[in-house]
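The values are calculated or read from the model by the stated rules, or taken from the named source; none is laboratory data. Bear in mind the structure is a predicted one, so any value in this text is a computation, not a measurement. Here the Cβ positions follow ideal geometry from the backbone for every residue, glycine too, while neighbour counts run over all protein chains shown.
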Amino acid sequence: MAQVSSIEDENAPNLLSTSKSVLLRISRFNPESDDSSKFMEFTVSYEKWTTVLEAILDVKKHHDHSVAVRYSCRQATCGSCGMLINGKPRLACFTKISELDSNVVTVEPMNNFPVIRDLAVKFERLFETHQKIKPYLINENSELESDEREFLQSPKEVEQYIQFANCIKCGLCNSACPTMSTDSSFVGPQALAQAYRYVADSRDKGKDTRLDIIDESHGIWRCHFAGSCSQVCPKGVDPAMGIQFLRGYLLGFRS
Amino acid sequence: MKESTIMKIHYGTALASVGLVAVHILMRLTTGFADSLSYENVLANYRSVPYVIMLELILILLAVHGFNGLRVILLELKQGRVYEKAVSYGVVIGMIALIGYGSRTIIMTNMGMV
Ligand code: HEM
Ligand code: SF4
Ligand code: FES
């Protein structure tokens, strides 16, 4: 292969040979046969650009194909590969080993989700709570007649909700939320952020319906503003802010 | 009751308590702190009707706030239909019992029955 010379450092011998190695610790657990989880350790080599997901797939390919991990897009779009990486909820495909600044990379299944096996967790609760807040435009006139045009929105109106529309349902926020860990009925930051996403949409007429849904004993009021959801969201959604906006409606500060 | 109504009461009682508890503490400073808690002074406090009304208000506000806060903690600790019903009724009973017992003390002392 042709030698690539570095622009920054003329003395760098070869940019392609910067490979280092790291200890990858993977949590293994099969609820059907194991009492508790245990770690399996693998030494994997990585480049500056290698993601944690690539390292796990490397282990599957060369060491142990039975490691269970869910992924699809490999580009922070599908929301499949959420897991705890060195203790923090992150997308494995969106986390480079080099950015972790550690010789050890520990991957575990997300908190607050039941484990199917190893790193793969059940999403039923997230899908259920997401569905519960009616994540679609509620508008009697949404069926277009042949001569009608789509609803127009000004850039300002789009700005009201577009940040919240970036949610990829990865569940990292729910995994980071302290209330989620003790309150098994809590609606959770993901669903609350989506409730705000539709309530704030000028085309939507379902505000009262949705506010009613989240205004119950395990609804929005069980958020105590730890803010960890917003810290871990890989898409900049900021569920904690959405929750405060929704509270504004319920307390009469917004209309 | 709607959860938002309950939480409005929760925040309202919190804010009102801050004001009244501040007055309550400032009253301790009118004389020396220890002095203000001497037997005669405490009894004298209870004879003052405006002060007694304030004590009764603090009692109600904090009983409502505290027991609702306890309800919140208990709801987040464990879930289940029967348990949650027990918690809801339990805290209302606790609230009423505390206000009742506190009011009895306040009224009896005010009327010179101790
Ligand atoms: C007078 C000053 C007080 C203020 C300003 C205050 C304020 C608050 C606020 C704002 C909350 C809601 C927190 C949340 O939703 O995350 C809260 C919760 C709570 N408060 Fe108070 N409070 C006061 C006094 C008390 C007292 C004296 C008690 C006990 C008797 C008490 C017991 C609770 C409990 C148990 C909670 C539930 C915890 C929670 O919801 O996170 N508070 N308080
Ligand atoms: S709000 Fe962010 S962290 Fe939560 S599910 Fe959506 S994208 Fe993931
Ligand atoms: S694989 Fe799709 S978000 Fe990571």
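Counting only residues that are within 21 Å of the chain's Cα centre (by Cα) and either away from ligand 3 (no atom under 16 Å from the Cβ) or within 9 Å of chain B (Cβ to nearest Cβ) (or both), the stretch A:190-213 holds 8 of them. Applying the criterion of being under 15 Å from A:ILE162 (Cα atoms) and among the charged types (D, E, K, R) to the residues of the stretch A:231-255, the residue that is farthest from the other protein chains (Cβ to nearest Cβ) is A:LYS235. Under the condition of being closer than 26 Å to B:SER4 by Cα, polar (S, T, N, Q) and away from every other protein chain (no Cβ under 14 Å), the residues counted in the stretch B:41-87 number 0. The sole residue among A:SER5, A:SER27, A:SER45, A:SER19 that is at pLDDT below 95 and in contact with a strand residue (DSSP E or B) (Cβ under 7 Å, 6 or more places away or on another chain) is A:SER19.
Tell me which residues, restricted to the stretch A:167-187, are within 13 Å of the chain's Cα centre (by Cα) and within 14 Å of chain B (Cβ to nearest Cβ). Passing the criteria: only A:CYS177.
Looking across the stretch B:43-71 at every residue that is touching a residue at least 40 places away in the same chain (Cβ under 8 Å) and within 30 Å of A:SER181 (Cβ to Cβ), the one that is nearest to ligand 1 (Cβ to nearest atom) is identified as B:GLY69. Of the set (1) under 16 Å from A:LEU246 (Cα atoms); (2) more than 13 Å from ligand 2 (Cβ to nearest atom), all apply to A:TYR196 but (2).
Every residue, every condition in (1) away from ligand 1 (no atom under 15 Å from the Cβ); (2) under 27 Å from A:SER72 (Cβ atoms), yes or no:
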residue	(1), (2)
A:LYS169	yes, yes
A:ASP183	no, no
A:PHE186	no, no
A:SER202	yes, no
A:ASP208	yes, no
A:HIS218	no, no
A:CYS223	no, no
